[in-house]
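Novice: I have a structure here, written as structure tokens, and I will follow up with some questions on it.
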Amino acid sequence: MRVGVLTGGRSRERARSLLSGRAVHASLMRQGVDAVMIDTASAAFLRRLGTVDVAFLAIAGQYAEDGKLQGLLEHLNMPYTGSGVLASALAMHKCAAKAMVGAHGVGILPGRQLDDGLSAEQLAAELTSTLGLPLMLKPVSEGGSIDIHLSTTEPELLSAIRALRSGGQQLFAERFCPGRSVTAAVLDHEPGLWVPPLLETRPVNGFYDYQTKNDPGRFTNHCPAALPEKAEVLIAEWARVAHRSLGCWGYSRSDFVVGADGEVWWLETNTLPGLSRPGNLATMAGAGGLDYDGLVSFVLSTALRAPTGYRA
């Protein structure tokens with residue numbers, strides 16, 4: 001069996017994908033697996049893909065975790081790691097994911113997709129009156145905290161809408177809840193869904209945006225997270241519910257915020273969380289007793305044991 005580590009790509013998360021790809025490739029080689037790295041942005045991508053038997057997805061962002069890459073691999077009848085086309089597309093679309101997960105009893109913050117038929121001024125006024133301030137403005141289908149804006153006043157919100165609209169993106173607004181940023185991993189590990197110790201991220205400036213996430217000097221991670229038992233149990237259970245309701249397979253990572261009153265809110269689920277050695281997923285798995293090489297081996301196994309009928 002020859003494994004192709006699919007990485008790189010054309011999304012704005014290319015650099016993070018390459019970190020994961022290099023780490024995964026090195027781990028597979030240490031374990032004696034015949035593995036090659038394949039950049040999905042390369043002109044030789046399809047030709048090189050034809051030389052491997054299994055695709056290990058160490059990649060993130062658009063054209064990767066939104067179902068498009070999974071659809072290509074389905075068409076080629078090639079086994080691949082992680083979730084399928086529908087789960088990937090559903091989880092990546094913030095509005096659809098919130099509707100699905102919220103329908104299964106998980107706590108979600110009020111929010112909605114922006115109406116493209118309204119002017120920026122109309123939207124800012126309407127969102128301020130219906131959702132209230134402060135508000136988070138996000139692209140509907142983007143990852144890595146890219147282009148998220150926190151607005152505490154209507155003029156700030158108006159400016160954010162104009163700035164993001166200029167990029168032609170569909171936008172989503174969500175009420176902002178200040179609190180503790182907590183993430184939970186879910187692994188389809190026999191005999192059921194295993195949630196290793198939770199991880200809390202504490203940004204230096206109090207806001208975990210794209211710039212903070214990509215500068216280790218601007219945040220600290222704490223795993224296991226020191227949370228009240230009630231919040232810890234609820235986060236673990238809701239991470240499992242999100243994993244199941246979105247149709248995820250293999251592994252996922254869900255992000256939550258715990259408010260000052262202890263109330264828990266689900267924010268999103270990532271079907272292809274980063275796989276670098278110091279990354280959140282590896283840190284949580286390690287805290288639960290699964291070392292990095294063991295995690296990589298587990299993820300590889302998800303390509304070979306997907307439930308009957310799960311793939312298209």
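The values are calculated or read from the model by the stated rules, or taken from the named source; none is laboratory data. Being a predicted model, the structure only gives us computed values, none of them experimental. All Cβ positions, glycine included, derive from the backbone under ideal geometry; neighbour counts span all protein chains shown. Surface areas here come from the heavy atoms of the whole protein model, side chains and all, with no ligands, DNA or RNA. Shrake-Rupley method; radii C 1.70, N 1.55, O 1.52, S 1.80 Å.
Novice: For region 2-18, check the following and say yes or no: at least one residue is open to solvent by less than 30 Å² (accessible area, probe 1.4 Å), among the hydroxyl-bearing types (Ser, Thr, Tyr) and touching a Lys or Arg at 6+ places or on another chain (Cβ under 9 Å).
Specialist: Yes; the residues of region 2-18 include at least one that is open to solvent by less than 30 Å² (accessible area, probe 1.4 Å), among the hydroxyl-bearing types (Ser, Thr, Tyr) and touching a Lys or Arg at 6+ places or on another chain (Cβ under 9 Å).
Novice: Read through the list (1) over 28 Å from Arg10 (Cβ atoms); (2) touching a residue at least 60 places away in the same chain (Cβ under 8 Å); (3) surrounded by 17 or more Cβ atoms within 10 Å (Cβ to Cβ), then give the number of the only condition that Ser88 fails.
Specialist: (1)
Novice: May I ask you to list the residues in region 192-233 that are at pLDDT 90 or above and among the β-branched types (Val, Ile, Thr)?
Specialist: Residues satisfying the conditions are Val195, Thr201, Thr220, Val233.
Novice: Does region 131-147 contain at least one residue that is of a type in the set (A, V, I, L, M), closer than 28 Å to Tyr63 by Cα and assigned to a loop (DSSP other than H, G, I, E, B)?
Specialist: Yes - at least one qualifying residue is present in region 131-147.
Novice: Of the residues Arg2, Arg16, which is out of contact with any strand residue (DSSP E or B) (no Cβ under 6 Å at 6 or more places or on another chain) and among the basic types (Lys, Arg)?
Specialist: Every option except Arg16 fails the conditions.
Novice: Okay, next question. Can you tell me which residue among Tyr80, Tyr63 is crowded, with 22+ Cβ neighbours inside 10 Å and farther than 19 Å from Asn280 by Cα?
Specialist: Of the residues listed, the single one that is crowded, with 22+ Cβ neighbours inside 10 Å and farther than 19 Å from Asn280 by Cα is Tyr80.
Novice: Being at pLDDT below 80 and open to solvent by 20 Å² or more (accessible area, probe 1.4 Å) is the filter here, so list the residues in region 142-154 that pass it.
Specialist: Across region 142-154, the qualifying residue is only Ser145.
Novice: Name the single residue, out of those in region 103-140 being touching a strand residue (DSSP E or B) at 6+ places or on another chain (Cβ under 7 Å) and small (Gly, Ala, Ser), that is farthest from Glu156 (Cα to Cα).
Specialist: Taking the candidates together, the pick is Gly107.
Novice: Right, something else. Any idea which residue in region 148-160 is farthest from Glu126 (Cα to Cα), counting only those that are assigned to a strand (DSSP E or B) and in contact with a Phe, Trp or Tyr (Cβ under 9 Å, 6 or more places away or on another chain)?
Specialist: In this case the residue turns out to be Leu150.
Novice: So which residues in region 176-191 are buried (at least 16 other Cβ atoms within 10 Å of the Cβ) and at pLDDT 90 or above, if there are any at all?
Specialist: Of everything in region 176-191, those that are buried (at least 16 other Cβ atoms within 10 Å of the Cβ) and at pLDDT 90 or above turn out to be Phe176, Cys177, Gly179, Arg180, Ser181, Val182, Thr183, Ala184, Ala185, Val186, Leu187, Asp188.
Novice: Moving to a separate point now. Looking at (1) farther than 18 Å from Thr183 by Cα; (2) more than 19 Å from the chain's Cα centre (by Cα), which is the one condition that is false for Thr302?
Specialist: Status for Thr302: all satisfied but (2).
Novice: Restricting to region 121-152, name every residue that is of a type outside the set (A, V, I, L, M, F, W, C) and in contact with a Leu (Cβ under 9 Å, 6 or more places away or on another chain).
Specialist: Glu121, Glu126, Thr128, Pro134, Lys138, Pro139, Gly143, Asp147, His149, Ser151, Thr152
Novice: Still on this structure, please answer the following. Tell me which residues, restricted to region 280-297, are under 17 Å from His25 (Cβ atoms) and either among the β-branched types (Val, Ile, Thr) or open to solvent by less than 10 Å² (accessible area, probe 1.4 Å) (or both).
Specialist: Result: Leu281, Leu295, Val296.
Novice: Mind checking which residues of region 263-279 are under 30 Å from Arg30 (Cα atoms) and either in a loop (DSSP other than H, G, I, E, B) or of a type in the set (Gly, Ala, Ser) (or both)?
Specialist: Within region 263-279, Thr271, Leu272, Pro273, Gly274, Leu275, Ser276, Arg277, Pro278, Gly279 qualify.
Novice: For region 101-133, how many residues are open to solvent by 70 Å² or more (accessible area, probe 1.4 Å) and within 18 Å of the chain's Cα centre (by Cα)?
Specialist: Of the residues in that region, 0 qualify.
Novice: From the set of residues in region 155-175 that are among the aliphatic types (A, V, I, L, M) and in contact with a helix residue (DSSP H, G or I) (Cβ under 7 Å, 6 or more places away or on another chain), which is surrounded by the fewest Cβ atoms within 10 Å (Cβ to Cβ)?
Specialist: Leu158
Novice: Kindly list, by first and then second residue, each pair from a residue in region 24-36 that is closer than 13 Å to Phe298 by Cβ and open to solvent by 30 Å² or more (accessible area, probe 1.4 Å) to a residue that is part of a helix (DSSP H, G or I) and among the small types (Gly, Ala, Ser), limited to pairs with Cβ atoms under 8 Å and residues at least 6 apart or on different chains.
Specialist: Going by the 8 Å Cβ cut-off, the qualifying pairs are Gln31/Ser297.
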